[in-house]
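The values are calculated or read from the model by the stated rules, or taken from the named source; none is laboratory data. Predicted, not measured: the structure shown is a model, and the values here were computed from it. All Cβ positions, even for glycine, are placed from backbone atoms using ideal geometry, and neighbour counts span all protein chains on display. Note: accessible area is taken over every heavy atom of the protein model, side chains too, but ligands, DNA and RNA are not part of it. Shrake-Rupley method; radii C 1.70, N 1.55, O 1.52, S 1.80 Å.
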Amino acid sequence: MNVYDSVRMRDALIVHGFKETTKPGQADVILVNTCHIREKASEKLFSELGRLAQEKKKGALIVVAGCVVQADGVEILRRSKLIDIAIGPQNYHQLPELIEKYNRKQGRIIKADFPVESKFDFLPLPKQSTAAAFLAVQEGCDHFCSYCVVPYTRGCEYSRSSKDIIAEAKALVKAGAKEIMLLGQNVNGWHGDRGKDLGDLIREIAKILGLKRIRYTTSYPSEMTQNLINAHKDTAKLMPYIHLPIQSGSDKVLKDMNRQYTVKQYEKIVAAFRKARPDIAISSDFIVGFPGETEKDFEETLKLVKRVGYASSYSFKFSARPGTPASLMKNQIPEEIKTKRLMKLQALLLKQQKEFNQKTIGKVFDVLLTERGKVRGQLLGYSPYMQGTIVKAPTKMLGEIVRVKVTGASATSLTAEVVKK
Ligand code: 5AD
Ligand code: SF4
């Protein structure tokens, strides 16, 4: 979501006469986007600012955007004198005006309210795009998991209308996008058109000529509809991959997390996905060391992982975020136990990921080549199952979808050769 937000802020500034540079030394304005989800992510802002101190001396204006501003705007301005403008996630459409208005002598600016208007109605349509593009269809979250800052930083759930979304999708495709990842903190809670769900939206987007692949993330298990699951069966452009975070394999921990499903219900949803699309790759997020998590609860998570079999996953140590109920819970777990559990879980997840990758050796499928590889003559892309794939191919094929045969697999990537379609 932050990559998407950065792109939209860039595009808004381009309309106002700015040009993009990736070299901070050349910039008049430096934009630092931030994440508040875990403490580690939040702290990155200050190490980044430290690196930018030189540029500031040369006169660059420093703008900090994102959820850290929403949560802690006044505090970060106090902590770092380098920041000129701080802007929250719902105010991005106001950024060009704030930069134009900015006058150092009049003092620094903070803009982090929840305006009545939606930023989406004011941001310009994209004129440039990467081959794999992001598109936010929904933002914010009403779930209030007890550990999570998102409902406070991004606000309550807001869904864009399909008309608005399709206009943006068409503009992205016109600008070169072949794949679109639909984004939302609770993406399958999308309700932008009365009586329609994300499955219907995906079928509409799939009609766009020139668009080859559709993905979506992140889904909330108990809001999954059979209609969306069916889209994996009837919509060829929808990729066989679902990110479905469970967070923990213990019903007791799920309850304390205020996740509104049980392990059994989650596994039923997984089974429904596999019935609709037997080859579907499933991934999840996990939190270890949630307050009160016993060794037995943690074992339940390991057992769940073994039963489901994940293609890839993200796992984190519980991070006590200010203002969340879980940060005040008794029975906080000591750091060394969290570390131990995380290592154990990650070893298992990595083993499963390796097995999943190895199972694709010899398979033939399409890869969208999105980046140059480290080695000359190699390009990187993603398989339908979201596996990073290294392909021997000339640079001119960048941005193309090629048919490949998988020749090798490690825990983190595949190697593949181009074959004729
Ligand atoms: N501590 C650890 N992990 C967290 N996540 C969200 N909040 C926290 C927290 N306080 C993780 C969840 C979520 C992912 C985006 O980040 O696993 O799915
Ligand atoms: Fe945070 Fe996701 Fe829970 Fe919403 S559903 S509160 S974004 S973890």
**Message:** I need the fraction of alpha carbon pairs in region 364-420 separated by more than 12 Å, rounded to a whole percent.
**Reply:** 56 percent
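Once you have the Cα-Cα distance between GLU267 and GLN128, take 0.36 nm times their residue separation minus that, and quote the gain in nm to one decimal. Please report the intermediate quantities before stating the final value.
Numbers: separation 139, 0.36 × 139 = 50.04 nm, distance 4.04 nm.
Full extension of this stretch gives 46.0 nm more.
With runs of 4+ DSSP H residues as the only contributors, calculate the mean residue ellipticity of the chain at 222 nm using -39,500 (n - 2.57) per run, divided by the residue total and rounded to the nearest 500.
Numbers: 12 runs with 146 residues, N = 421.
About -11000 deg cm²/dmol.
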**Complete:** GNM of the chain, Cα pairs under 10 angstrom: of VAL137, VAL69, VAL364, the biggest fluctuation goes to VAL364
**Message:** How much length would be gained if the chain were fully extended between LEU398 and THR339, taking 0.36 nm per residue of separation minus their Cα-Cα distance, in nm to one decimal?
**Reply:** 17.3 nm
**Complete:** So the compactness index of region 2-111, its C-alpha Rg divided by 2.2 N^0.38 Å, takes the value 0.98
**Asked** If one computes the Cα centroid of region 299-339 and of region 157-214, what distance in Å separates the two points?
**Response** 32 Å
**Request:** For each cysteine in the chain, check whether another cysteine's C-beta sits under 4.7 Å from its C-beta; list those where none does.
**Result:** CYS35, CYS67, CYS141, CYS156
**Prompt:** What order, most packed first, do the peptides 254-262, 239-247, 75-83 have when packing is the mean number of other Cβ atoms within 10 Å of each residue?
**Reply:** 239-247, 254-262, 75-83
**Prompt:** If you take the beta carbon distance between LEU328 and LYS374 as r and set R0 to 56 Å, what does 1/(1 + (r/R0)^6) give as a FRET efficiency, to the nearest 0.05?
**Reply:** 0.75
**Asked** Kirkwood hydrodynamic radius (Cα pairs, Å) of region 119-358?
**Response** 18.9 Å
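In terms of solvent-accessible area of protein heavy atoms at a 1.4 angstrom probe, what is the ranking of MET343, MET224, highest value first? All intermediate terms of the calculation are to be shown ahead of the outcome.
On the way: MET343 130, MET224 30 Å².
From most accessible down to least: MET343, MET224.
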**Message:** Cβ neighbours within 10 Å, averaged per peptide: list 86-93, 266-273 in order, most packed at the top.
**Reply:** 86-93, 266-273
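Taking a threshold of 25 Å on the Cα-Cα distance, which of the pairs LYS296/LYS351; LYS351/LYS421; LYS170/LYS354; LYS275/LYS306 fall above it?
Numbers: LYS296/LYS351 22 Å; LYS351/LYS421 32 Å; LYS170/LYS354 36 Å; LYS275/LYS306 19 Å.
Violating the 25 Å limit, Cα to Cα: LYS351/LYS421; LYS170/LYS354.
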**Asked** What shape does region 67-147 have by the C-alpha gyration tensor, where a ≥ b ≥ c are the square roots of the eigenvalues, rounded means a/c under 1.5, and otherwise prolate means a/b greater than b/c and oblate the rest?
**Response** oblate
**Request:** Please report, largest first and rounded to whole Å, the three semi-axes of the ellipsoid equivalent to the chain, where each semi-axis is the square root of five times an eigenvalue of the C-alpha gyration tensor.
**Result:** 33, 29, 22
**Asked** Expressed in nm to one decimal, what extension gain is obtained for the pair VAL3 and LYS81 from 0.36 nm per residue of sequence separation less their Cα-Cα distance?
**Response** 25.5 nm
